[in-house]
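Read the figures in this text as sums done on the coordinates, not as results from a lab. From a predicted model like this one, the values you see are computed outputs, not experimental measurements. Here the Cβ is made from the backbone with ideal geometry for all residues, glycine too, and neighbour counts use every protein chain on show.
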Amino acid sequence: MMKLLYEREEIIKFSLKMLTSRLTTGSGGNISVFNRDKGLIAITPSGIDYPSLTPEDIILLDAQGNIAPYQGIDNCATPSGHPPLNPSSEAGFHIALYQQRPDINAVVHTHSPYATTFACLNREIPPVHYLVAFAGKKVPVAPYATFGTAKLAANIVATIGNYNATLLANHGVVAVGTSLLNAFNTAEEIEFVARICYQAESLGTPVLLSDDEMERVIEKFKSYGSGKK
């Protein structure tokens with residue numbers, strides 16, 4: 001049986017959802033899942049359009065970011081329909097995030113247009129709407145560095161802290177979570193809040209939520225969707 005088949009299939013599903021949700025275009029962005037029990041990371045390959053991905057195309061890395069010697073593909077020397085593939089060029093910051101925070105099991109990187117607009121302004125997304133709590137009290141901005149570099153990975157890790165999302169200056173968005181669904185939902189909600197902030201600022205000056213209110217919302221989110229009252 002193929003190693004991390006479930007994770008591979010989930011990555012393909014959410015990669016396609018990035019397109020249909022308009023969080024990216026073409027092969028932009030990347031997704032990974034860390035199976036900590038098996039010590040393996042499944043990550044999208046570099047430069048392949050999402051609609052053409054098959055489970056065999058998803059790359060497996062070890063916890064240090066090395067390509068796993070056995071990819072768990074039975075009777076298949078190369079990924080189906082494609083020549084040998086490389087992991088995402090941004091694998092470095094995925095690895096850095098997993099090493100920095102043991103609560104992170106999935107990373108979603110998007111180029112969503114409204115959030116990326118704020119990133120290109122080098123502006124944080126403030127608490128204009130309570131749903132910013134998916135990330136924290138705000139969405140910070142990691143300083144710019146060339147994509148795929150160790151400097152970018154260091155900037156992301158230094159900026160994200162305990163937040164669940166950060167903007168990448170002049171680049172895009174990174175969202176993290178305990179699961180791929182959780183990380184994707186965060187990326188999607190932050191794009192929504194970015195759009196609301198953009199629209200509100202087009203009409204006037206948004207009224208921001210207080211620190212105290214954001215703390216209350218974050219606390220309530222801990223049981224949100226769990227069936228608890």
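Numbers for the structure displayed
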| read-out | value |
| --- | --- |
| Net charge, Ala169 excluded, C-beta distance under 13 Å - Lys, Arg +1, Asp, Glu -1 | +1 |
| The chain pair-distance distribution - Cα-Cα, 10 Å bins, rounded % | 8, 34, 35, 17, 5, 1, 0 |
| For Asp57, Asp62, Asp37, order by how many other beta-carbon atoms lie within 10 Å, fewest first | Asp37, Asp62, Asp57 |
| Estimated FRET transfer efficiency when R0 is 25 angstrom, pair Glu201-Thr146 (beta carbons, to 0.05) | 0.25 |
| Protection-proxy order for peptides 118-130, 165-177, 211-223, each taking the mean of Cβ atoms within 10 Å per residue, highest first | 165-177, 118-130, 211-223 |
| Estimated distance in nm for a label pair at Lys220 and Lys17, the labels positioned 7 Å out from Cα along Cα-to-Cβ | 2.4 nm |
| Global geometry of segment 164-229, whether rounded, prolate or oblate, following the gyration tensor of its Cα atoms and the 1.5 cut on a/c | oblate |
